[in-house]
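Student: One structure coming up, written as structure tokens, with questions to follow.
Derivation of every value follows stated rules applied to the coordinates shown; laboratory data play no part. Just so it is clear, the structure is predicted and the values come from calculations on it, not from any experiment. So basically every Cβ, Gly included, is an ideal-geometry build from the backbone, and we count neighbours across all protein chains shown.
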Amino acid sequence: MFWVDPTDPEVVAAVFGAGFESADDADLAAISQAIAAASELLTLATGYKVHPAGEITEEFLGTRTSRLSLLWGPVTGVTSVVRVQSDDTEVPTSYRRVGQTVFLTAQQGVGGSLPLWRTNWASGSSQALHRVTYQFADTVTPAARAALLAYAHEIFLLLIGSDECDLPERVTSIDREGIGIQLATPQDFLDKGRTGLPSVDTWLAMANPKQVMRPSQVFTPDSPPGIGTRMRRLG
């Protein structure tokens, strides 16, 4: 995931710093890696509220599922909603979307529809797997972009072993929700959603004041959280 284009000359200049004209292929690769890492970590630190536009497929597995709360937003469109059979066959499912929620329905004759969980319950099915593919909008504001570039610059300096890196000294390896990086003061980041950089943390305090690590949603046994897969940026 990239909040900004790592090949944009302005981005390269901001992340590399003075003398960016002399950046070689190794530097450009490190810049791309730093931007990707900063984008992933700040997306996590904002509770998935700040991110570029993209398309994703989320999977929902649950008992008597009729309401699916989508993780990424604001949702701009739904491409498909399918139920996955035991042989991995995908069966299109009727639905309606209200904001960030997809409500599943099963047609019952001409008169209307019933929630899908009732159909499952009547047939004795204990669980159902659904896949929802949808698009969501870009939420990277100018302030978010500035914070991203400042953070990516320090991660870049860390990657190249520069003494000018301003990240806190205590560095160790972490792996959180598939994000692996050498990160300064990791426990502070995981516990408080902060980076140790004053300018970035000031922005994070405004973007995610409650320090939640996921969007505010209500999950019930009938509405389990989804697992995001196959994300790609649009545009």
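Student: May I ask you to evaluate 6.51 cos²θ - 1.76 cosθ + 1.60, the Karplus curve with θ = phi - 60°, for each residue of the range 4-10 and list the ³J(HN,Hα) values in order in whole Hz, giving x for glycine and proline?
Tutor: 9, 7, x, 9, 5, x, 5
Student: Would you pull out the residues with amide H under 5 Å of residue 194's amide H, same chain only if 5 or more places away, H placed 1.01 Å from N?
Tutor: Here 189 satisfy the definition.
Student: Can you compute the modelled spin-label distance between residue 135 and residue 22, with each label point 7 Å from Cα toward Cβ, in nm?
Tutor: 4.5
Student: Residue-wise, which Karplus ³J(HN,Hα) couplings in Hz belong to the range 146-159, taking 6.51 cos²θ - 1.76 cosθ + 1.60, θ = phi - 60°, and x for glycine or proline?
Tutor: 4, 5, 4, 5, 5, 5, 4, 4, 5, 5, 4, 4, 5, 5
Student: Right, next: For the range 133-142, what does the Karplus curve 6.51 cos²θ - 1.76 cosθ + 1.60, with θ = phi - 60°, yield as ³J(HN,Hα) per residue in whole Hz, taken in order and with x for Gly and Pro?
Tutor: 9, 8, 10, 9, 8, 6, 10, 7, 7, x
Student: Along Cα→Cβ, 7 Å out, is where each label goes; now give me the distance between the ones at residue 166 and residue 206 in nm to one decimal.
Tutor: 1.7
Student: Within 10 Å of each residue's Cβ, count the other Cβ atoms and sort 72, 3 from fewest upward. Display every interim value, and only then the final one.
Tutor: Numbers: 72 24, 3 27.
By the 10 Å Cβ count, ascending, the order reads 72, 3.
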